[in-house]
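I have placed the structure first, in the form of C-alpha cells, so that the comments after it can refer back to it.
Each reported figure results from applying straightforward, stated rules to the coordinates on display, with no laboratory input. All of these numbers come straight from a predicted model, not from anything done at the bench. Please note: Cβ atoms are built from the backbone with ideal geometry, for glycine as well, and neighbour counts cover all protein chains shown.
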Amino acid sequence: MEPKEKEYIESLFPAVKDISDADLREKVCQLWVQMWRGSNFEKIEDLSQWEPARDIVNWTNVEHTNEVTRCAATIGRLFEEMYPIKVNLDYIIAGAILHDVDKLALFDSKTGSHIDRGEKFSHANYGAHAALAIGLPQDVAHIIGSHSANYSSTEPRTVEAVIVRQADHVIAEGRNTALDCRVNFKLEK
C-alpha cells in the first residue's frame, strides 16, 4: 500500500486514526485499498450505499460507513460505562469501518449490478474472508461477517459484533425514517 493510498483511506474514514493498535489500523486501510484495487470504481466514494438501487439511494457507502462507525463507537463507550463488561473499541471501530468494504468488489461501477464475484459470494461473507486473508483478527472478521440480518450466514457471537450489527441497522433505518418524516411532514433538514 502506497502512503498516498493510506492517506486517502484515512481522509475517507477519519475514525481509522482512533484505532489504537497500529497494526490493526494498517490492515484496515490495506483491506479498503485491496478491495478498491480489485474493483472498477474510480474512487471509493463513488460507491452507493446500495449499488443496485443507486438511483434511489442518494447516500454513499462512505457516508453510511462513517455514520455506522460513529454510532457503534458511541454505543461501545456507553456500554462500558453502563455495564461491567470490557469491550474492544479497536475491534468495534475496525469492524464498523470494514462492515461494507466488500461492496466495492461485488458490484460493477457502470451498471450497479453484481459482477460475477458478487453472484458467487454473498455480501458480508466475502468481506469476512478477505479480512482473514490479510491477517485481520478473527473477531474483526466476525463483525464483518455477521453485521447484516439479511446477508450474513451467522449471528453475532461477540458483544462487539452485536454492537456493529445494531448500529448498522439503526443508521440505515434512522436515515429512512428521517427522510420519510421530512417528506411526509414537510420538515426542514
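Kindly provide the GluC sites (Glu not before Pro) of the stretch 1-49 that DSSP labels as loop, not H, G, I, E or B, and whose Cβ sees at most 14 other Cβ atoms within 10 Å.
Listed in order of number, the matching sites are E42.
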Report summary line: Residues whose modelled amide H sits under 5 Å from the amide H of F107, counting only those 5 or more places away in sequence or on another chain, are I115
Query raised in the report: Classify the stretch 120-161: rounded, prolate or oblate, from the alpha-carbon gyration tensor (a ≥ b ≥ c, eigenvalue square roots; a/c under 1.5 rounded; otherwise prolate if a/b is larger than b/c)?
Result: oblate
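Could you tell me the calculated FRET efficiency between E10 and E119, based on Cβ-Cβ distance and R0 = 30 angstrom, to the nearest 0.05? Don't jump to the answer; show the numbers that get you there.
Values: r = 32 Å, r/R0 = 1.08.
It comes to 0.40.
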Query raised in the report: Top mean-square fluctuation among E119, E63, E155, Gaussian network model of the chain, C-alpha springs under 10 Å?
Result: E119
Report summary line: The answer for trypsin sites (Lys or Arg not before Pro) in the stretch 107-144 that fall in a DSSP coil and have at most 10 neighbouring Cβ atoms within 10 Å is K110
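Calculate, for E2 and Y83, the FRET efficiency according to 1/(1 + (r/R0)^6) with r their C-beta to C-beta distance and R0 35 Å; round to the nearest 0.05.
Values: r = 42 Å, r/R0 = 1.20.
Computed FRET efficiency for E2 and Y83 comes out at 0.25.
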Report task. Once you have a ≥ b ≥ c as the square roots of the Cα gyration tensor eigenvalues for the chain, tell me rounded if a/c is under 1.5, and otherwise prolate or oblate according to whether a/b is larger than b/c. Result -> rounded
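Only loop residues by DSSP count here, and only those with at most 13 other Cβ atoms within 10 Å; note down the trypsin sites (Lys or Arg not before Pro) in the stretch 1-52 that meet that. Mind showing how you got there, number by number?
On the way: sites: K4, K6, K17, R25, K27, R37, K43; in loops: K43.
In loop regions of the stretch 1-52 (DSSP not H, G, I, E or B), the sparsely surrounded trypsin sites (Lys or Arg not before Pro) are K43.
Decide, for the stretch 110-181, between rounded, prolate and oblate: order the square roots of the alpha carbon gyration tensor eigenvalues as a ≥ b ≥ c, take rounded if a/c falls under 1.5, and otherwise choose prolate if a/b is larger than b/c, else oblate. Could you put the intermediate results ahead of the total?
Values: a/c = 2.47, a/b = 1.16, b/c = 2.13.
Oblate.
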Query raised in the report: Among the lysines in the stretch 3-185, how many pairs, 8 or more places apart or on different chains, have alpha carbons under 17 Å apart?
Result: 10
